[in-house]
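The values are calculated or read from the model by the stated rules, or taken from the named source; none is laboratory data. What you are looking at is a predicted structure, and each value in this text was computed from that prediction instead of being measured. Glycine also receives a Cβ, built like all others from the backbone with ideal geometry; neighbour counts cover every protein chain displayed.
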Amino acid sequence: MSIKFLGSVVAVTGAGSGIGRALAQELTQRGANLALADIDTDGLAETVLLCESAMNSKAATKVTASVLDVSDREAVEAWAAQVEEEHGRVNMIMNNAGVALSATVAAMSYEDFEWLMNINFWGVVYGTKAFLPYLKESGAGHVVNISSVFGLVSIPTQSAYNAAKFGVRGFTDALRMELEIEQSGVSCTTVHPGGIRTNIARNARTDGSVLSISGTAQELADNFDRLTLTTPEKAARQILKAVERNRRRVLVGPDAKVFDLVSRLPAPLYQRVLVAGSKRSWVGVKK
């Protein structure tokens, strides 16, 4: 099964910045028609302008945009129907929208946990299920769901993010097998990005339990930036290459490959290493 972007209709969530914006720009250059969505009105408008300036003569590319909260199931379903109506068909959905939360399990509020899960997990489920019938109607569709390296390995203070991203991985892997059984002409790919230079860390919710361990929110964001190894543009190219080849899973960035190797180690081994590395920071922290 070979995926072609030229002339296809691709819907992208979280298109207002980061990987979503880079995907939109790269798809435009490849002659795809785009249906872009984000809850950030200004960021979304900027992405549309960037895509319009990147259009080439390969195809009469059409770009539509909608302000969307992916945690709202009815809104996502309405958007999917709107995309099909505006473009005449849909060939691909890229469920990219996501947020971050740092908190220990003991200190994390249910409200913060639900906020993250509603976007990072349920947003992916809603987007997949809303678009799947239209993808099947197109005869050649693809679902791209963004997980994370934290969907491969669990990390202290990232329990909510781990739960969502492991969930996306399991959900998408099961979907891939079901689609192969059905032979519907639709496939899917799970994406595991490593450290990508986006604003997700700067826009994250950070509980006081983590700040007492790791410093201020600004320091946490600065530390994240120093660890990022891959630009959104490079990530987008790797993702689209994997989709073109109909890969089940794509590891984005060199650090993602390291996480994948760690995930194959016995759990007691890698978890002991993480515990030992975290203990010094946790001294004196209230449990």
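What the table shows:
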item: Options T231, T198; residue that is of a type outside the set (D, E), in contact with a strand residue (DSSP E or B) (Cβ under 9 Å, 6 or more places away or on another chain) and either more than 18 Å from G151 (Cα to Cα) or modelled with pLDDT under 85 (or both); result: T231
item: Qualifying residue in region 71-84 (condition: closer than 30 Å to Y270 by Cα, surrounded by 18 or more Cβ atoms within 10 Å (Cβ to Cβ) and modelled with pLDDT of 95 or more); result: no
item: Condition check for I119: among the hydrophobic types (A, V, I, L, M, F, W, C), under 21 Å from V191 (Cα atoms) and in a helix (DSSP H, G or I); result: yes
item: Every residue from region 239-287 that is assigned to a loop (DSSP other than H, G, I, E, B) and either at pLDDT 85 or above or in contact with a Pro (Cβ under 7 Å, 6 or more places away or on another chain) (or both); result: R245, N246, R247, R248, G253, R264, L265, P266
item: Subset of region 128-149 that is crowded, with 23+ Cβ neighbours inside 10 Å and either under 30 Å from A276 (Cβ atoms) or hydroxyl-bearing (S, T, Y) (or both) - its residue that is nearest to the chain's Cα centre (by Cα); result: S147
item: Index of the failed condition, R205 passing every other in (1) within 22 Å of G20 (Cα to Cα); (2) touching a strand residue (DSSP E or B) at 6+ places or on another chain (Cβ under 9 Å); (3) at pLDDT 95 or above; (4) surrounded by fewer than 19 Cβ atoms within 10 Å (Cβ to Cβ); result: (3)
item: Residues (surrounded by fewer than 18 Cβ atoms within 10 Å (Cβ to Cβ) and either without any contact (Cβ under 8 Å) to a residue 12 or more places away in the chain or within 20 Å of A174 (Cβ to Cβ) (or both)) located in region 235-244; result: K241
item: Residue that is farthest from G139 (Cα to Cα) [pool: residues in region 63-92 that are assigned to a helix (DSSP H, G or I) and among the β-branched types (V, I, T)]; result: V76
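Condition check ((1) of a type outside the set (V, I, T); (2) touching a Pro at 6+ places or on another chain (Cβ under 8 Å); (3) over 24 Å from T231 (Cβ atoms)) across all residues:
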| site | (1), (2), (3) |
| --- | --- |
| L36 | yes, no, no |
| A45 | yes, no, no |
| V48 | no, no, no |
| S66 | yes, no, yes |
| V83 | no, no, yes |
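For every residue, the table says whether it meets (1) touching a helix residue (DSSP H, G or I) at 6+ places or on another chain (Cβ under 9 Å); (2) crowded, with 24+ Cβ neighbours inside 10 Å; (3) in contact (Cβ under 8 Å) with a residue 12 or more places away in the chain.
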| site | (1), (2), (3) |
| --- | --- |
| S8 | yes, no, yes |
| A15 | yes, yes, yes |
| I19 | yes, yes, yes |
| A22 | yes, yes, yes |
| Q25 | yes, no, yes |
| R30 | yes, no, yes |
| L36 | yes, yes, yes |
| T41 | no, no, yes |
| V48 | yes, no, yes |
